[in-house]
Structure formats: C-alpha cells, structure tokens
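For reference, the structure is listed below as structure tokens.
The values are calculated or read from the model by the stated rules, or taken from the named source; none is laboratory data. Since the structure is predicted, the reported quantities are computational estimates derived from the model, not experimental observations. No Cβ is skipped: glycine too gets one built from the backbone with ideal geometry, and neighbour counts run over all protein chains shown. In case anyone asks, the SASA skips ligands and DNA or RNA and just uses the protein heavy atoms, side chains included. Shrake-Rupley method; radii C 1.70, N 1.55, O 1.52, S 1.80 Å.
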Amino acid sequence: MAELATIARPYAEALFKASSSDLAGTAVWLDELAAIAGNAQLQQFAESPKTSVNQVFDLIAGVAKVTLPDSARNFLRTVIENGRLSVLPEMALQFRSLKNAQSGSSDAVVYSAFPIDDAVLADVAATLQARFGRKLNVKVELEPALIGGIRVVVGDEVLDTSVKARLEQMKVALTA
C-alpha cells in the first residue's frame, strides 16, 4: 500500500488551489473533519461492506461542530467515495503545511502541565517567535506529566523547559 503522505498529497494540493480565497476558513472545517475521521470506531464503520457512502457522509456531517459549506461537503463526499477517509488527517496536515508555507508561518504546539491564560500565552508566543525567527500559530495542549514548565514543538524542533526534562537530565548526570 502506498504511503499515506503520497495518497494525501494530491487531495491537499487540489483543496489548497480550490480554496485559495479562504484558506483560514477551509483550515477550520478541514481540521474538524480530520479530527472526526481519526476516530477508530468511525473508521471501522466506514470500512464495513454493509455501510453506504451516504451513511458515512451523513454520520460525519452530523457530528461536525462547524457548519460545512458546499465545498466541504463536496470534498468530504469525494474522500469517502474514493475510500480515503483514513487518510483525511494526513490531508489536513499537508494542507496546513501548504497554508503555512504561503504565509511564512509555522504551527507551534505548547505542552503545559497547567492551563495558560491569554496574557501569558501572548508573551510566550512573542518570545517563541523571536527564538524561532518566524511567525507561529500557537496552540496549547495540557500534559500533566510535565509537572511544570513547558515543552514547545515547532515542526521537527523541540524546546523543552519542563520540570520533567530537567529531572531526566539530572538523572542522566547522576548515573553517568
């Protein structure tokens, strides 16, 4: 079977070209559909030979929290009809990469042990943008295992200032 990225690329590129006038809006509904499509139970339901394309489409459209425009409905129907629902999360990643490349920005995920309020997040985002040298689209995810501090992932770069990472460094130093 072909690699997921190879299958997803033409879909992401076609969607990027077709929605060039509203990339931000497209990213919102595409991320929503990707999150839904990533559900293992939905995948199992969609792969069943007893399930029709319309049943899968109606289920996903009904679960979506955002109102799907006609372009989203057409895209979703095409993906389902071609048996590519399992690849939808990868399509969303590649679409976001194309969108970020055009705008000169990157996605950043800030993992924190505790919720971060908006004022502190704005300061952290400004510091991270200076550190990484580009505009960042910052998203926060809670990860209690960090104990304290934050871990930032931007593409393949990681900046880890968490308590957990420092404890691991101390452990290595003491056992070496």
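Counting only helices (runs of 4 or more DSSP H) that sit wholly inside the range 88-176, those with at least 3 residues that are under 30 Å from residue 3 (Cβ atoms) are 88-103.
From the list 57, 75, pick out the single residue that is surrounded by fewer than 19 Cβ atoms within 10 Å (Cβ to Cβ), hydrophobic (A, V, I, L, M, F, W, C) and assigned to a helix (DSSP H, G or I).
Numbers: 75 fails: surrounded by fewer than 19 Cβ atoms within 10 Å (Cβ to Cβ).
None of the other options fit; the residue is 57.
Filtered by the rule that a residue be among the charged types (D, E, K, R) and open to solvent by 60 Å² or more (accessible area, probe 1.4 Å), the range 98-150 gives 117, 118, 123, 131, 134, 135, 139, 141.
Name every residue in the range 27-54 that is touching a residue at least 60 places away in the same chain (Cβ under 8 Å) and open to solvent by 40 Å² or more (accessible area, probe 1.4 Å), in order of residue number.
Step one: filter the range 27-54 for residues touching a residue at least 60 places away in the same chain (Cβ under 8 Å), giving 27, 30-31.
Scanning the range 27-54 gives a single hit, 31.
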